[in-house]
């Protein structure tokens, strides 16, 4: 009797993980509809509209809707020296910077970083950061993950560039304004 009980318990114990896995698979939604690949031309925006910020022109390259809001990629063209965003931090996402052309200086936390063409850096969430071109101008790709409210921030910032670097405006988009950029010329 003891042996039969032990065999029964072993059988139940080995079947339980398989049953749980089958249950989880049954609860997993079908994969999302496939996004059709599409080329976004150089200097073009996936939405068909560029977004001027005053210190650069933005093109959205990967729309958050294409990635279930997990990724948003923008292209900064003609980033001017002594400009850029206010010092700020993101509450919910990392921000990755890749210099395509020119040179950029970044403040990430307490570190001052100089990036040249082909170099990149990740600014972790909850770490204040900002950037500016050095020289005449720069060209960068910037990725946000997850996307959160960044797409809407840039749409609204392009409509009101003078407000884009203000504390109240930035705070509406899950960012925390930390102060003026150390790269701005006063």
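The values are calculated or read from the model by the stated rules, or taken from the named source; none is laboratory data. Treat the numbers as computed from the prediction; the structure is a model and nothing was measured. Glycine also receives a Cβ, built like all others from the backbone with ideal geometry; neighbour counts cover every protein chain displayed.
On the stretch given as region 148-186, residues that are in contact with a helix residue (DSSP H, G or I) (Cβ under 7 Å, 6 or more places away or on another chain), under 17 Å from residue 126 (Cβ atoms) and in contact (Cβ under 8 Å) with a residue 40 or more places away in the chain total 1.
Would you be able to tell me the number of residues in region 60-81 that are over 12 Å from the mean Cα position of the chain (by Cα) and closer than 16 Å to residue 161 by Cβ? The qualifying residues number 5.
Out of the residues in region 88-118 that are in a loop (DSSP other than H, G, I, E, B) and under 17 Å from residue 144 (Cβ atoms), which is nearest to the chain's Cα centre (by Cα)? Among those residues, the one meeting the criterion is 93. Residue-level check: of (1) surrounded by 18 or more Cβ atoms within 10 Å (Cβ to Cβ); (2) without any contact (Cβ under 8 Å) to a residue 24 or more places away in the chain; (3) not in a strand (DSSP E or B), residue 85 misses just (2). Taken over region 125-134, the criterion of being over 21 Å from residue 59 (Cβ atoms) and in a strand (DSSP E or B) is satisfied by 129, 134. Can you name the residue in region 51-68 that is in contact with a strand residue (DSSP E or B) (Cβ under 9 Å, 6 or more places away or on another chain), at pLDDT 85 or above and part of a loop (DSSP other than H, G, I, E, B) and, of all such residues, is nearest to residue 157 (Cα to Cα)? The qualifying residue nearest to residue 157 (Cα to Cα) is 53. Is one or more of the residues making up region 37-50 more than 21 Å from residue 128 (Cβ to Cβ), outside any loop (DSSP other than H, G, I, E, B) and either at pLDDT below 95 or touching a strand residue (DSSP E or B) at 6+ places or on another chain (Cβ under 6 Å) (or both)? Scanning region 37-50, I find no residue that is more than 21 Å from residue 128 (Cβ to Cβ), outside any loop (DSSP other than H, G, I, E, B) and either at pLDDT below 95 or touching a strand residue (DSSP E or B) at 6+ places or on another chain (Cβ under 6 Å) (or both), so the answer is no.
With respect to the stated conditions, residue 168 fails to be out of contact with any strand residue (DSSP E or B) (no Cβ under 7 Å at 6 or more places or on another chain) and closer than 20 Å to residue 52 by Cβ.
For region 72-82, how many residues meet the condition of being surrounded by fewer than 17 Cβ atoms within 10 Å (Cβ to Cβ) and within 19 Å of residue 146 (Cα to Cα)? Residues meeting the conditions: 0. Taken over region 144-183, the criterion of being surrounded by fewer than 16 Cβ atoms within 10 Å (Cβ to Cβ) and more than 23 Å from residue 65 (Cα to Cα) is satisfied by 160, 161, 162, 163, 166, 167, 168, 176, 179, 180, 182.
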